[in-house]
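The values are calculated or read from the model by the stated rules, or taken from the named source; none is laboratory data. Just so we're clear, the structure is a prediction, and the values are computed from it rather than from any experiment. Cβ coordinates were reconstructed from backbone atoms using ideal geometry, including for glycine residues, and neighbour counts include every protein chain displayed. These area figures cover heavy atoms from the full protein model, side chains too; ligands, DNA and RNA do not enter into them. Shrake-Rupley method; radii C 1.70, N 1.55, O 1.52, S 1.80 Å.
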Amino acid sequence: MSGRGKYRVNRQKHSQTTLSNVAKEAAISLPADSPVLAMFKDAALKLNDRQDRHERLVKLSRDITIESKRIIFLLHSAITEEAAEKAVKEAKERLEKLTKGPIKSIGLELENIPAYLHSRAVTAGLQEFIEARTFCSLMESKVIITWSEVQKEFQYVIKGDEDERVVVTLLTQTDYMLGIADLTGELMRKAINSISSGESQACFHACQVVRDLYTGYLGLFCMGKELARKMSTTRNNVAKVEAAVYALRVRGGEAPPLLLLPVKPEWETIEHSDDEGFY
Amino acid sequence: MSGNHVVNTIFSDFQKSLDEEQELREVIRNICKDVDQISRKITTVLQVIHHNQAEIGQACLQARELFEKASEGYGKLKEAVPSTDYYKYQDHWRFMTQRYCFLISLTIWLEKGILAPHDTVASVLGISAVEEKEGFHLDIEDYLVGLLHLCSELSRLAVNSVTRGDYEKPLQISKFVMELNAGFRLLNLKNDHLRKRFDALKYDVKKIEEVVYDLSIRGLLPKAQQSTEEA
């Protein structure tokens, strides 16, 4: 049986051939400087660049979020009108610092990069900033600053050695609207706080703004996933603020302002479940 | 009420931009549907490589013709998408583009046995390979995902060529895929789509190794290869 014999010989010769050997041989036979590997090295550089940039942006975005939350807290902390004025002034300064600091850095970081590539990295920070910015403008002049106005604030003139160039930090309209949706939560808190400080006028005003905003959101269609998700929170905010105003109207004459608050704990419990604020 | 008026403008402006975006998405969707259909057709055409060696050349020619058509579609897409908004609407053509990267790299491999570089694939589609602030281009990640699809298809081809009695092709495939595998290891992948797809590459590599192993222990490897291996 010559066939069998041949097979045996063959087998002996290849007794070293194992599955791992096949892999090893194939790996060793690769030239280190092949064009394929060069191509991958190039791709690795591109991907690393992208990832590093993304991380830097996430960090900037987080800085913006933290500072914006603090600014909102500051705006809430004012009870009397004079204190409010002072708080607004300080908040404005700090907001400007944000625009000239981290937000400008975002614009510079993305100067030569396609817009929207990293929009996910910065959306959280920008939303929070919008929340603070609109809240501040509302307290200052009772008017909400519009998207195009904020976008204008995000334009920077960079002076080079010879020439000037304009850098813009992109603020998507969706981010702006998401920030406004969060604003209803802050207004709700403000309304409730102003009951306790006895300023019913401020409370009614805040309530009306929340209602207007909610009405606006109801009228939108094709609003996108994230915004639709925020709608239920917004609806809760309207319900809470209206309940507070109701209590103020009904019992306002007969009880001291602080007594109107006991309903609050019940709201607080709901609040923590779906609203992102902790203050 | 002035406050109310501002709020109304905010929302009506936003609704307007939403409407425009919807319209644009509709246009993009329609173009993508047509282009995607061509890619399905090419996929079907190229299936012949698994059972008919003689028709591979013909299939490649046919695929090339269809790529021409696809590149016309990409031309339309390039016009429809605002030059700054590539990544805003990318999801519409992402998977389709990945499939094209796969099909083009497969065709080029069948024709010449080499890896199609990023810019070659992009030029077949008639788009730029360079990512710039503005403009329609071939995203490097999509290209890489396409290559991973290619590896899967080649592992299948390795098995089928043995069935057909072609013992040379698995070796060629093994070398090629090994090189790609080594290349992919150079990338720092984060936990995204590309990473998940890359994790599946090892199964393709394993399958090809097994085929080569089976051939080598049975002494079925082509002569030239055998002698170099023994040396």
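Quick notes on this one:
- Single match in B:L157, B:L220, B:L125, B:L148 (criterion: surrounded by 14 or more Cβ atoms within 10 Å (Cβ to Cβ) and more than 22 Å from B:V45 (Cα to Cα)): B:L220
- A:T174 meets the conditions (1) within 14 Å of chain B (Cβ to nearest Cβ); (2) at pLDDT 90 or above; (3) open to solvent by 70 Å² or more (accessible area, probe 1.4 Å) in every case but one. The failed one is (3).
- Out of A:G224, A:G179, sole residue that is away from chain B (no Cβ under 11 Å) and modelled with pLDDT of 80 or more: A:G179
- Selected residue [within 23 Å of A:K41 (Cβ to Cβ), more than 17 Å from the chain's Cα centre (by Cα) and open to solvent by 40 Å² or more (accessible area, probe 1.4 Å)] from B:E168, B:E132: B:E132
- For the criterion of being basic (K, R) and open to solvent by less than 60 Å² (accessible area, probe 1.4 Å), B:R64 fails.
- Flag if A:I66 is part of a helix (DSSP H, G or I) and away from chain B (no Cβ under 14 Å): yes
- Flag for B:I42 being at pLDDT 95 or above, open to solvent by less than 50 Å² (accessible area, probe 1.4 Å) and among the hydrophobic types (A, V, I, L, M, F, W, C): yes
- Within the range B:172-205, tally of residues that are farther than 25 Å from B:E111 by Cα and at the interface with chain A (Cβ under 9 Å from one of its Cβ atoms): 7
- Output for the range A:103-149, where each listed residue is of a type in the set (S, T, N, Q), more than 13 Å from chain B (Cβ to nearest Cβ) and either part of a loop (DSSP other than H, G, I, E, B) or in contact (Cβ under 8 Å) with a residue 60 or more places away in the chain (or both): none
- Which listed residue, of B:Y86, B:Y74, is within 14 Å of chain A (Cβ to nearest Cβ) and crowded, with 16+ Cβ neighbours inside 10 Å: B:Y86
- For beta carbons closer than 6 Å, sequence separation of 6+ or different chains, a first residue in the range B:114-127 that is farther than 16 Å from B:E72 by Cα and touching a residue at least 12 places away in the same chain (Cβ under 8 Å) and a second that is open to solvent by less than 30 Å² (accessible area, probe 1.4 Å) and outside any helix (DSSP H, G or I), the qualifying pairs are B:H118/B:A129.
- Selected residue [more than 26 Å from A:E109 (Cα to Cα) and touching a helix residue (DSSP H, G or I) at 6+ places or on another chain (Cβ under 8 Å)] from A:L220, A:L170: A:L220
- In the range B:104-119, the residue that is surrounded by the fewest Cβ atoms within 10 Å (Cβ to Cβ) out of those that are over 11 Å from B:Y143 (Cα atoms) and more than 10 Å from chain A (Cβ to nearest Cβ) is B:K112.
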